[in-house]
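Following: one structure in structure tokens, then a few remarks.
The values are calculated or read from the model by the stated rules, or taken from the named source; none is laboratory data. All values derive from a computational prediction rather than experimental measurement. A quick note on method: Cβ atoms are made from the backbone with ideal geometry, for glycine too, and the neighbour counts reach across all protein chains shown.
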4 protein chains.
Amino acid sequence: MAGKADIERVVSDICGEMRARSDRGEVATYIPELARVDVGAFALAIVDTEGNVYAGGDSDTPFSIQSVSKVFTLTLALGKVGDHLWRRVGREPSGSPFNSIVQLEYERGIPRNPFINAGAIAVTDVILSGHRPKEALGEILRFIRFLADDASISIDEAVAASEQRTGFRNVALANYMKSFGVLENPVELTLGVYFHHCAIAMSCRQLAMAGRFLAQNGRHPTTGQQVVLAGRARRINAVMMTCGHYDGSGEFAFRVGLPGKSGVGGGILAVAPGKGSIAVWSPGLDASGNSRLGQIALEMLTKRLGWSIFSA
Amino acid sequence: MAGKADIERVVSDICGEMRARSDRGEVATYIPELARVDVGAFALAIVDTEGNVYAGGDSDTPFSIQSVSKVFTLTLALGKVGDHLWRRVGREPSGSPFNSIVQLEYERGIPRNPFINAGAIAVTDVILSGHRPKEALGEILRFIRFLADDASISIDEAVAASEQRTGFRNVALANYMKSFGVLENPVELTLGVYFHHCAIAMSCRQLAMAGRFLAQNGRHPTTGQQVVLAGRARRINAVMMTCGHYDGSGEFAFRVGLPGKSGVGGGILAVAPGKGSIAVWSPGLDASGNSRLGQIALEMLTKRLGWSIFSA
Amino acid sequence: MAGKADIERVVSDICGEMRARSDRGEVATYIPELARVDVGAFALAIVDTEGNVYAGGDSDTPFSIQSVSKVFTLTLALGKVGDHLWRRVGREPSGSPFNSIVQLEYERGIPRNPFINAGAIAVTDVILSGHRPKEALGEILRFIRFLADDASISIDEAVAASEQRTGFRNVALANYMKSFGVLENPVELTLGVYFHHCAIAMSCRQLAMAGRFLAQNGRHPTTGQQVVLAGRARRINAVMMTCGHYDGSGEFAFRVGLPGKSGVGGGILAVAPGKGSIAVWSPGLDASGNSRLGQIALEMLTKRLGWSIFSA
Amino acid sequence: MAGKADIERVVSDICGEMRARSDRGEVATYIPELARVDVGAFALAIVDTEGNVYAGGDSDTPFSIQSVSKVFTLTLALGKVGDHLWRRVGREPSGSPFNSIVQLEYERGIPRNPFINAGAIAVTDVILSGHRPKEALGEILRFIRFLADDASISIDEAVAASEQRTGFRNVALANYMKSFGVLENPVELTLGVYFHHCAIAMSCRQLAMAGRFLAQNGRHPTTGQQVVLAGRARRINAVMMTCGHYDGSGEFAFRVGLPGKSGVGGGILAVAPGKGSIAVWSPGLDASGNSRLGQIALEMLTKRLGWSIFSA
């Protein structure tokens, strides 16, 4: 069993090694605002189940969490409508890129899972129903602040505006689902909320804090409150494992061995049940849109700490 | 932590409940010989990491393991060629049925993973290279007997012959890959070995015994020998988790929360790392070709024993 | 060779027979305004190369020409940018429904041909470039009035508004192409023009008049002007033949044997080069979205007049 | 109207120009025996409806007609089972390469049309039913000899053997259809006949002779016999127009404007109804597997003679 000192050393070693690497992948350019990020940034933060925080690199620098936000919106939507959610979105890996529309045509507008773009838009639509966009967005933000115990977390409006101007493919996905009746609200309202929650900015430290409940059977460690029941936390972890990295999900399971969710901002939230919540950030991406060094760092980490859920 | 008595009670409860259920799914008919199996059969066997065996139902009745054999051939092929194997087959979930050929056309004959039919045929081809079919088959059988500590395990020749007569879709998959140069050996030889290893007959008790090494970081508990290194066992479990149930893999992870591999004979081998190896058998299948009651039984089991790898 | 009296008799026979049939297909419902049309309507009009007009049924009742307008916008766009158009849209049959998006993903946003919805939107975008929407629409309308020698042709604003409110799938197609840079103009402007030119209302008599130039090597018979050069008229006919009826194009060629373009309003414009221009209208559609009785009427017509381009 | 002298001059001009071109495309290599053909060969032959023969280049050199044979097997199969044939094969363009298997999976083993490989194998299976392979092959050969008035036409056994050794993709297609019950006969027998009729060797002169009936409403000009009724000849031409060049069919219609069928041996048979039957041969292929210079030659020919069926 890894002790505090072990974890500290591993975090420090990984941050040192990652700083030095030059094969950092490419920063996402399809959202213009994201392209301005420093590709040399790297951060790693762990919160273990005893509440100890281990942080290295730029772990207090906020970055655009993008699709990592989908873990929190999925949790919220399940809280709101329960298993009815699964009528609007599947829970199978898609075998396709994050922004693929092919599967939607073959499966009558029902997205394969809540972590590809189409699925996350459908989840956002569920959260929006019965609310005004501002309220829905406020609810999402309050939820994340509560999970992370941090009232300073906010939305980067420049990123939201940038995506709103250029997110044609997401507009296509949303209208396509709308044509099948999968979305209830006006497309532009649902997308407005979606673009804004993707534009939430968090540091690795904040992100690791926000993920704690998934490592602790659904319990919020600070308040002792059940964010979700244990069974639901388990199942959210399962969806992260099979669908959290688009068409690189199998690779992430193979190499890292933890449930995880990536975002094109270069962040990854990973969960080691019973051990800790882990956030990593490096803005350069691989071909599937997942942080290149982020995955390598997590692979080193699970190997050295023995935290893979696939080992005894 | 579940004790011996807990496990015994859970096995007994599940066997009782499953016996009584009438929603058993449909027995596979595409291999004529398999259609003759009694849909009412049910078995469950667990071997924990201390070597205790818990068995209920028809746990000594042999059944056709079919695609469950792919766990063992994957292990063998990795032992033979190491990570070079991944040049011939991917490790991503396919999002497609077990016998789909579409993905092969788009990805130039490279199967998505070693657990869909095409991928398993490619793996068999690797094992065959440099050997005669009889030898290759002998090696596979000896390996499984060694894993299970049971020299009585054998091939059901009637099932092998039945599939050889009617397995047109597998012939199509193999020739399709051959056209891209993905198979090295004559198609009929590779398929001969493939149809035969799928026709291996095992009881749940034998199957749970054979799966022990995956629950114990690659170690064969009887001899203490490393069947594979710990890292490789971990990664085989990861592939089972993301790809082990075809286009029902996400569902299995969601509901059961263990790495597992199903076969159209109605068997499932599941692995609880550090806890035990589990085999279940009920011949009725769901639409994805996975044992209907087998999945339900495993869901009950992980819930009651707290064995999901996604919980703390 | 069919004489005037023959053509008159054939038109009259077909109109009589079609009136009596009860298997009329289903009126399109996806544009609410179109669903209000009388399914019992039927019209047939022919203008031969000598300028004789043969008309039967409701041949002076205007209907929504919908995708038949794509013949005219293709002609206009070719006039504007020539063969450069083919960088933005292909000319192969798609083998897919009119509103499919799958092919766009595999072919990086380039629509297969100018007659599926995506392709026609790309063509409209070409016409729009350098103009304001009102001007572009005015140009399209003036062109059709000129071709038909009829200044009374106009747009049904209720239909345009109806589609603008509900055309989510076309919004999806347009945004999807925009994400690949295939559209130059703001999506909503291009779609505005597209929805409006699809909402042009014409009678069969007017439509047959408008199609004359395609039966006469590109020449406008009234003014003697070349609308397009002979080679271009020939090639527009070719695209109508292979792509004019979506995934029913092969069937139309097989049964009717003329270049033709259908619309979901139930109209079809068919061209018998050197013989005449033919318009038919019956609002009930088949599964591919083509007028059911319209196709049957044209099949009878080409058979009885010997007008198939595939016969000696 | 083009006279004899015009046609002679056009044939001679085209042959001269084609000899000189260096952009000849690539000879097919997937059948090893075909790769040995001289890429510099070129031939053109026309038989007009009065029986005049115009020939230039290597018009008496036999080449492997490959998929051009599918026109004759389609005609034979329609003669044998009539329109029942269309239960086993469609008549829509596929929008896919000649050897694609994707469409078969989505459409339950029914090939899109009789001119893609899968469709032609299904047609061959119809001809084989009730016969031994030798008899079926004899019937096909006798039919082609009758059509061409030439008893010397024969099969190139070396090509047939070469394809039988290496035609894995066709073996895949056939077994795939067999798995859906679309083929009645043992796969290897159907494929044996298929590989052999594709290996028929003919010169352009012979091929143009064999195609005469399609230019003359189904009539065999030498005997005056109806090979098929006029309506069927018309419909075979229609299928050639929409499906005769795989995913280059739209392009062929656009540029050439005649029904035509290509083969990977570099031959194309084209039909100008009421005017003549045309065969062209140049072994270099384009990316869709159609003769590069063959298409260019036919485009020049229809333009200069005004033979496009899309012109007045």
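Figures for the structure shown
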{"quantity": "Selected residue (only one of C:129, C:96 is surrounded by fewer than 22 Cβ atoms within 10 Å (Cβ to Cβ), out of contact with any helix residue (DSSP H, G or I) (no Cβ under 7 Å at 6 or more places or on another chain) and hydroxyl-bearing (Ser, Thr, Tyr))", "calculated": "C:129"}
{"quantity": "Index of the failed condition, residue B:120 passing every other in (1) part of a helix (DSSP H, G or I); (2) within 14 Å of chain A (Cβ to nearest Cβ); (3) of a type in the set (A, V, I, L, M)", "calculated": "(2)"}
{"quantity": "Residues of segment B:142-174 satisfying the condition of being farther than 30 Å from residue D:169 by Cα and touching a strand residue (DSSP E or B) at 6+ places or on another chain (Cβ under 7 Å)", "calculated": "B:144, B:153, B:154, B:155, B:156"}
{"quantity": "Cross-chain or 6+ apart pairs with Cβ under 7 Å, segment C:49-65 first and within 30 Å of residue C:194 (Cβ to Cβ), then surrounded by 13 or more Cβ atoms within 10 Å (Cβ to Cβ) and among the acidic types (Asp, Glu)", "calculated": "C:64/C:156"}
{"quantity": "Qualifying residue in segment D:75-87 (condition: under 25 Å from residue D:279 (Cβ atoms), within 14 Å of chain C (Cβ to nearest Cβ) and buried (at least 24 other Cβ atoms within 10 Å of the Cβ))", "calculated": "no"}
{"quantity": "Within segment B:247-312, strands (runs of 3 or more DSSP E) holding 2 or more residues that are out of contact with any strand residue (DSSP E or B) (no Cβ under 9 Å at 6 or more places or on another chain) and at positive phi", "calculated": "none"}
{"quantity": "Criterion violated by residue C:266 - all others in (1) within 14 Å of the chain's Cα centre (by Cα); (2) more than 25 Å from residue C:22 (Cα to Cα) satisfied", "calculated": "(2)"}
{"quantity": "Flag if residue A:139 is more than 14 Å from chain B (Cβ to nearest Cβ) and in a helix (DSSP H, G or I)", "calculated": "yes"}
{"quantity": "Subset of segment C:207-236 [in contact with a Ser or Thr (Cβ under 8 Å, 6 or more places away or on another chain) and among the polar types (S, T, N, Q)]", "calculated": "C:216, C:217"}
{"quantity": "Candidate set from segment D:277-312 (those that are closer than 17 Å to residue D:13 by Cβ and of a type in the set (Gly, Ala, Ser)); member that is surrounded by the most Cβ atoms within 10 Å (Cβ to Cβ)", "calculated": "D:294"}
{"quantity": "Selection from segment A:232-247 of residues that are more than 7 Å from chain B (Cβ to nearest Cβ) and either more than 14 Å from the chain's Cα centre (by Cα) or surrounded by fewer than 22 Cβ atoms within 10 Å (Cβ to Cβ) (or both)", "calculated": "A:232, A:233"}
{"quantity": "Residues satisfying the stated conditions in segment B:184-205, i.e. small (Gly, Ala, Ser) and buried (at least 24 other Cβ atoms within 10 Å of the Cβ)", "calculated": "B:199, B:203"}
{"quantity": "Lone qualifier among C:6, C:23, C:13 - being outside any loop (DSSP other than H, G, I, E, B), over 20 Å from the mean Cα position of the chain (by Cα), of a type in the set (D, E, K, R) and more than 17 Å from residue C:277 (Cα to Cα)", "calculated": "C:13"}
{"quantity": "Some residue of segment B:29-45 being touching a residue at least 24 places away in the same chain (Cβ under 8 Å), in a helix (DSSP H, G or I), closer than 30 Å to residue B:129 by Cβ and of a type in the set (Phe, Trp, Tyr)", "calculated": "no"}
{"quantity": "From A:95, A:90, A:79, residue being modelled with pLDDT of 95 or more, farther than 26 Å from residue A:148 by Cβ and under 19 Å from the mean Cα position of the chain (by Cα)", "calculated": "A:90"}
{"quantity": "Residue check for residue D:111: more than 24 Å from residue B:176 (Cα to Cα) and either in contact (Cβ under 8 Å) with a residue 24 or more places away in the chain or touching a Phe, Trp or Tyr at 6+ places or on another chain (Cβ under 8 Å) (or both)", "calculated": "no"}
{"quantity": "Candidate set from segment B:99-117 (those that are among the β-branched types (Val, Ile, Thr) and assigned to a loop (DSSP other than H, G, I, E, B)); member that is surrounded by the fewest Cβ atoms within 10 Å (Cβ to Cβ)", "calculated": "B:110"}
{"quantity": "Flag for residue D:238 being under 24 Å from residue C:306 (Cβ atoms) and at pLDDT 95 or above", "calculated": "yes"}
{"quantity": "Filtered residues of segment C:129-149 (kept if touching a residue at least 60 places away in the same chain (Cβ under 8 Å), of a type in the set (Asp, Glu) and on the phi < 0 side of the Ramachandran plot)", "calculated": "C:139"}
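Conditions (1) more than 19 Å from residue D:63 (Cβ to Cβ); (2) assigned to a helix (DSSP H, G or I); (3) at pLDDT below 95; (4) away from chain B (no Cβ under 14 Å), marked per residue:
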| position | (1), (2), (3), (4) |
| --- | --- |
| D:162 | no, yes, yes, yes |
| D:165 | yes, yes, yes, no |
| D:172 | yes, yes, no, no |
| D:183 | yes, no, no, no |
| D:191 | yes, yes, no, no |
| D:196 | no, yes, no, yes |
| D:201 | no, no, no, yes |
| D:214 | yes, yes, no, yes |
| D:217 | yes, no, no, yes |
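Okay, residues lined up against (1) farther than 30 Å from residue C:106 by Cβ; (2) outside the structural domain of residue D:292 (by TED's automatic domain parsing); (3) touching a Leu at 6+ places or on another chain (Cβ under 7 Å):
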| residue | (1), (2), (3) |
| --- | --- |
| D:25 | no, no, yes |
| D:33 | yes, no, no |
| D:40 | yes, no, no |
| D:50 | yes, no, no |
| D:62 | yes, no, no |
| D:74 | no, yes, no |
| D:81 | yes, yes, no |
| D:85 | yes, yes, yes |
